[in-house]
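A.B. asks: There's a structure below that I have some questions on.
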Amino acid sequence: MATRLRVATSGKLADANDIGGAGAVGQFLRRIAGANPADPHTVDWAAAGGASTPLSGVLFVDKNTTTPLADQNGAIATPFATLTAAIVAASPVGILLIVPEDYSAEGAHVLPDKFISFVSWCSQDVGQPINGTGMVPVQMGSLTVFNDQNLYLYGVWVAGDLTMNTDGTTAAAERCIVGQVLGTGFLAGRECQMTGDFNGTGLVLQDSDISSNNTNINNGAFYRAEWRNCTFHAGPPAVAFSAPGGIAQIDQVTNSTWSPNVILTNGTLRVIGTPGTEIVNVVVPAVLDGQVGYLDVVMAGELTALPANTGIVATPTADLVAAGAGGGYINSRVSAPGTVRMAFIGPLAGGAVDFHFFALNYF
């Protein structure tokens, strides 16, 4: 009978006689490694000669392993006991599957020229649960990434600083807790808790909770900040770009929470998602036959956040007063933030009429 290694329901990496586990890790590996990698729950190790690994570049970490230090090599049956040892042994593009424990006593980690994915292997009653996900993370100290390398975090609590030291350094975090972010890199997160200030060239967060309201963007390679379906617990955020021209984007859900009070420096606020709309009474100018007349209309609601040259659909709620055949409304665009420029062609007699405005490319 073939020997199979599985993940124990207790959360510890198991020996050959252990049973249990679930398919979530295998599904996750398929997401990050292609369509059909070997699933560590079902690999037939005996048939494979007892020497294969589930994926090229995968190493296992278990703080409570009973494997002697000299025998720890990152295999599923003989995992490393420390993140430090696993990082040193990792391949240039490596995946660390880690049993959730508190590894923060190891202190600071500095990633060399490697693209490493830190992945929580399974759930245990350790550390602080991630809000709304039911996942308990791997807890680690500070983490520094150099030389335009990429970083992936899944189910990890970076209790210290996360530092990205170049514009081309990017980090993706899913179901993580992240403290202060330093440097000039780009961070994208989903279902995360952000507990410290952000400093970098770009930030995109979705479905996340933010307990610090300071976001500082250095105008480098990415140059943007965006929040979708996020909640701020420390009041309206202060978003500061290091030079004019930055873009801060929020969706309608987040916008309804804090945008009226956002403290924005050197940037423009855009609301994304469901198109905004306004009804404004417009005094249409009289326009001679064969001529084009322009009118600047000031917006007072959601459309004030749109940048210049955004297309606008404007529909009159009543017929315009014509002074002959061929006259009417042509088009509209945002000529400056908060101002819509309307174009009319004559002949028009002019007069007041309500127009219904909404954004054509509301992004």
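A.B. asks: Does residue 170 meet the test of being at pLDDT 85 or above and farther than 22 Å from residue 232 by Cβ?
C.D. replies: The answer is yes for residue 170.
A.B. asks: Can you name every residue in the range 288-307 that is closer than 15 Å to residue 349 by Cβ and aliphatic (A, V, I, L, M)?
C.D. replies: If the condition is that a residue be closer than 15 Å to residue 349 by Cβ and aliphatic (A, V, I, L, M), then 288, 295 are the ones that fit.
A.B. asks: Output the residues belonging to the range 334-348 that are surrounded by fewer than 16 Cβ atoms within 10 Å (Cβ to Cβ) and touching a Gly at 6+ places or on another chain (Cβ under 8 Å).
C.D. replies: Result: 343, single match.
A.B. asks: Pull up the range 147-204, narrow it to residues that are touching a residue at least 60 places away in the same chain (Cβ under 8 Å) and in contact with a helix residue (DSSP H, G or I) (Cβ under 9 Å, 6 or more places away or on another chain), then point me to the one that is surrounded by the fewest Cβ atoms within 10 Å (Cβ to Cβ).
C.D. replies: Here is the first cut: in the range 147-204, the ones touching a residue at least 60 places away in the same chain (Cβ under 8 Å) are 152, 154, 191-193.
When the remaining residues are screened for being in contact with a helix residue (DSSP H, G or I) (Cβ under 9 Å, 6 or more places away or on another chain), the result is 152, 154.
Numbers: 152: 17, 154: 23.
The extreme case among them is 152.
A.B. asks: Then there is this: Are any residues in the range 145-193 of a type in the set (D, E, K, R) and either outside any loop (DSSP other than H, G, I, E, B) or under 20 Å from residue 211 (Cα atoms) (or both), and if so, which ones?
C.D. replies: Correct list: 161, 174, 175, 190, 191.
The values are calculated or read from the model by the stated rules, or taken from the named source; none is laboratory data. All figures in this text were calculated on a predicted structure; none of them were measured in a lab. Neighbour counts run over all protein chains shown; Cβ positions are idealised from the backbone, glycine included.
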